Amino acid sequence: MDGARLMNAAVAQGVAPAQITQHCDSVSLCFSKGLGAPAGALVAGCREFVAEAWRMRKLLGGGMRQAGVLAAAARVGLERMEETLQRDHGNARSFAQGVWELGSPICSVDPSTVETNMVLVKVAVPWLSPEKLCERMQAVSEEEVAETGRAVSVRLFPWAARSLRAVWHCDVSAQDTQLAANKLKFVAEQCWRERGAAP
């Protein structure tokens, strides 16, 4: 199992990670995705599998010296995992609810589909691509600063032909989440005005 989202799934379902992985022969887990460590990963499996993975890592030149600092960061991430991921999931739900309450013709979200720290935002108009909306969310204009009193840059990811993805992590606060929702409101209204003014 690629366990990049294992801990998010476990926290969202309220179960131990072992319950999710019980039928897997091997599991990898990245400490920097969701858990907030700067780097690090582990692989788990039967003794023979781990021994072979260890051997292959050495053959391919993998390894680190003085990795204790990274291990300490991973340990902190694991110890604080439930609190951190619950906060991330809550912030994602809050953002989704804010987008839904916006009632914008430009974009929409079904808050009931948000289970973890990812939100898929549907771009509902054919004349605005997810790529363009992402660009506008990241850019800061003089008009934005004049109208909102803030310069906010939000990085989102074009996900599919008509949707984009927003992801929360341990460095995104509830205040950041509100700023992102406000920025989306500003950009959506700006796009709608521009479209309405166009011939």
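Since every read-out is calculated from the coordinates, none of them should be taken as a lab result. Note that the structure is predicted; figures quoted are calculated from it, not measured. When we count neighbours, we look across all protein chains shown, and the Cβ atoms used for this are built from the backbone with ideal geometry, even at glycine.
Residues with beta-carbon under 14 Å from that of L42, excluding L42: net charge, scoring Lys, Arg +1 and Asp, Glu -1? Residues near L42 contribute +2 overall.
Take 13-25, 173-185 and order them by the average number of nearby Cβ atoms within 10 Å per residue, most first; the result is 173-185, 13-25.
Of the peptides 47-55, 100-108, the ranking by mean beta-carbon count within 10 Å, highest at the top, reads 100-108, 47-55.
Helical content alone sets the calculated 222 nm signal of the chain at -16000 deg cm²/dmol, taking -39,500 (n - 2.57) per DSSP H segment of four or more residues and averaging over every residue. With kT/(6 pi eta Rh) evaluated at 25 °C and eta = 0.890 mPa s, and Rh the Kirkwood radius from Cα pairs, region 87-198 diffuses with a coefficient of 175 µm²/s according to Stokes-Einstein. As a rough guide to protection, the peptides 89-99, 135-145 ranked by mean Cβ packing within 10 Å, highest first, stand as 89-99, 135-145. Expressed as a fraction of 2.2 N^0.38 Å, the C-alpha radius of gyration for region 1-93 is 1.17. Note on region 36-77: Rg/Rh from C-alpha atoms, Kirkwood Rh, equals 1.02.
Translational diffusion coefficient of the chain (Stokes-Einstein, Kirkwood radius from Cα pairs, 10 °C, 1.306 mPa s): 83 µm²/s.
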